[in-house]
1. Please report, as a whole percent, how much of the solvent-accessible surface of the chain comes from carbon and sulfur atoms (probe radius 1.4 Å).
2. Could I have the simple spin-label model distance between Thr200 and Ala68, label points 7 Å from Cα toward Cβ, reported in nm to one decimal?
3. How big is Rg to Rh over the chain, alpha-carbon atoms, Rh as the Kirkwood inverse-mean-distance radius?
4. Taking only Cα atoms, what is the 0 to 90° angle, nearest 10, from helix 223-234's long axis to the longest principal axis of the chain?
5. Could the peptides 112-124, 167-179, 151-163 be put in order, highest first, of the mean number of other beta-carbon atoms found within 10 Å of their residues?
6. At 4 °C and 1.567 mPa s, what whole-number value in µm²/s does Stokes-Einstein give for the translational diffusion of segment 68-206, with Rh from the Kirkwood sum over Cα pairs?
7. How far apart, in nanometres, would the label points at Ala39 and Val51 be if each is projected 7 angstrom from Cα along the Cα-to-Cβ direction?
8. Considering amide H positions built from the backbone, and no H for Pro or chain starts, which residues 5 or more places from Leu54, or on another chain, come under 5 Å of its amide H?
Amino acid sequence: MRVAMVTGGSRGIGRAIAAALVREGLSVAVAARDREQVAKVADELRAGGGVSVLAVALDVTDATSVEAACARTAAELGPVDVLVNNAGIAESAPFGKTTVESWERHLRVNVTGPYLMTRALLGGMLERGWGRVINVASLAGLYGSPYVTAYTTSKHALVGFTRALATEVSGKGVTVNAICPGFAATDMVWNGAHNIAARTGRSFEDAVASLARMNPGGRLIEPEEIADEVRRLVGDDTINGEAVVLDGSTPQRRTS
Ligand code: NAP
């Protein structure tokens, strides 16, 4: 049985990815900082038929925490074959109000986190000759838009990390890919919409609609669409170094 580890698996996109991998029959470690929330999600996934689901508390920015979480996952579920670097943060501000703390926080969580996780797990994948590293980046990893310089910079870096590492592991049974969704229906967007509403006086619903319209397809992406893409990348030996765009411009696919 393949083993997957999903960072940021406690809600939103990560939770949908963990659920999809459980449905595929993988053993799954659900990892995030909030211990109670990961335990709750792991219980729900087990109740939904997950044979082997582990709740792991970790902070992806902390090398010691990452090493301990990966060691625990290997000890309880077996060596990790599929790493989904999904944990991420997004804060918006005009460039002039982007603090160095916010800038560094984005780099630590969205870039150093995936680096530390991959560093901990890639060696084992290469030794076994099979593995998947899937980085949840963003359309902001490919294009620019205002008021999100720190987020955009971090996601461009994550796409660069993906492309560089993919060339290094090419032909060794391991693939490294990124998924680049537009605005998706999760807390991240609800929080952003609350901020827009507070700053502009517009309603929350208007703010959500304005974010949805910024996606080329004019609609929010569902977390399950991103999870579907993860399933596709797990099942494909040939796709490597891609930054797969999910911008809502195609009708929503649902395979589960
Ligand atoms: P979310 O609902 O805010 O969830 C973020 C997840 O990351 C939570 O499980 C959170 O749990 C975890 N996390 C945050 N910091 C962490 C840390 N230092 N260590 C470990 N876990 C941490 O976000 P989402 O919308 O599902 O986004 C998931 C990913 O998709 C992110 O990388 C995001 O940039 C990307 N994305 C989102 C959208 C969107 O519109 N929603 C669009 C494109 C890309 P704890 O707080 O408990 O740690």
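1. Working: 6110 of 11690 Å².
Here carbon and sulfur together make up 52 percent of the probe-accessible area.
2. 4.3
3. Working: Rg = 17.5 Å, Rh = 18.3 Å.
So for the chain, dividing Rg by the Kirkwood Rh gives 0.96.
4. Relative to the chain, helix 223-234 is tipped by roughly 40 degrees.
5. On the way: 112-124: 19.9, 167-179: 18.2, 151-163: 21.5.
So the peptides 112-124, 167-179, 151-163, ranked by packing, come out 151-163, 112-124, 167-179.
6. 79
7. 2.6
8. Amide H neighbours of Leu54, under 5 Å, 5+ apart: Val28, Ala29, Val30.
The values are calculated or read from the model by the stated rules, or taken from the named source; none is laboratory data. What you are looking at is a predicted structure, and each value in this text was computed from that prediction instead of being measured. In this analysis, Cβ positions are derived from the backbone assuming ideal geometry, glycine residues included, and neighbour counts consider all displayed protein chains. SASA here: full protein model, heavy atoms, side chains in, ligands and nucleic acids out. Shrake-Rupley method; radii C 1.70, N 1.55, O 1.52, S 1.80 Å.
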